[in-house]
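A short write-up of the structure that comes next.
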Amino acid sequence: MLLSWRSLPPRVAVGRCASTIQASVQRFVPASSSIDSSALEQLQAFVSQASRLFVISGAGLSTESGIPDYRSEGVGLYARTNRRPMQYSEFVRSAKSRQRYWARNYVGWPQFSSHQPNSAHLALRDWEEKGKLHWLVTQNVDALHLKAGQQRLTELHGSTHRVVCLDCGQLTPRAELQKRFAALNPGWEASACAVAPDGDVFLEDEQVLNFRVPACDACGGVLKPEVTFFGDVVNRTTVHFVHNKLAESDAVLVAGSSLQVFSGYRFLLAASERKLPIAILNIGPTRADHLTDIRVSARCGEVLPAIQLS
């Protein structure tokens, strides 16, 4: 059961979204050419012909909101640093690793949670409201689709805006945990200059030695972000639910994902088996390029708002 998205900031009005990305976030968006008229016409026809569109979104949709991704050439986290995200096995077996993770997450949370939807998120929300979009599956954990007002939505890898107890399963808002961190660590301070796609930041080990991590207030168990860590698997019930939504759909659009992670790629394989038309909008190659009918390399924030719905 998901927490209510009403605990998140209200959705952004379309009129408040700039038509171009700000210079401060451009460093996270890979270089790309503007979409040419022919490619836009093909994608326009693809969307127009669909009546129950299934969309898979990825990190490339949120880079224009100032959230870096992992794999983009030249600007992704893997290209810029030698840091790697926390592995699930490391988190569950090591209290020291959890202390390090939560200390860094505590520092990064105010900035990470302040990010707002961009024009691509808002366009997809509008597609839903106008009956074009049947279901949206996002691989992102940033809650920007919820902030935009998307309702026909599955957060495949969970959300950093929720915290789960690994012992009793209780879900709580991440914002509430921030208050508990502050109360347990008065006077503790650390700063960081970079925030990762999951809200993590980079701190030296000695900076986190005295950081205290609260336990679940219901059972005293271990708290973890309600996200699928690297090395973990997506809940089977969630996967089955998404497959059912795919079966109800008549076309698939990938927006801002290289599909390198199998948890998302599996749905492209299933769509191909069902002989559903597939279009991919992403800067750079994807794992499913051989399965697609239409392949467009351009910014989601430029292309999706340009698609007209009849």
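For the reader, a short list of remarks on this structure follows.
- Carbon and sulfur %, accessible surface of the stretch 237-278 computed with the full protein complex present, 1.4 Å: 52
- Cross-link pairs Lys179/Lys224; Lys130/Lys224; Lys147/Lys275; Lys130/Lys275; Lys179/Lys245 - those with Cα-Cα distance over 27 Å: Lys130/Lys224; Lys147/Lys275; Lys179/Lys245
- Of the GluC sites (Glu not before Pro) found in the stretch 202-299, those that fall in a DSSP loop while having at most 13 other beta-carbon atoms within 10 Å are Glu204, Glu248.
- The stretch 251-310, accessible area per residue, ligands and nucleic acids excluded (1.4 Å, Å²): 40
- Relative packing of peptides 50-56, 283-289 - highest average C-beta neighbours within 10 Å first: 50-56, 283-289
- Largest first and in whole Å, the equivalent-ellipsoid semi-axes of the stretch 253-297 read 15, 12, 7, each the square root of five times a Cα gyration tensor eigenvalue.
- Accessible surface area normalised per residue over the stretch 83-189 is 38 Å², counting heavy atoms of protein chains with a 1.4 Å rolling probe.
The values are calculated or read from the model by the stated rules, or taken from the named source; none is laboratory data. Keep in mind it's a predicted model, so treat the numbers as computed, not measured. Cβ atoms come from the backbone with ideal geometry, glycine included; neighbour counts cover every protein chain shown. Surface areas here come from the heavy atoms of the whole protein model, side chains and all, with no ligands, DNA or RNA. Shrake-Rupley method; radii C 1.70, N 1.55, O 1.52, S 1.80 Å.
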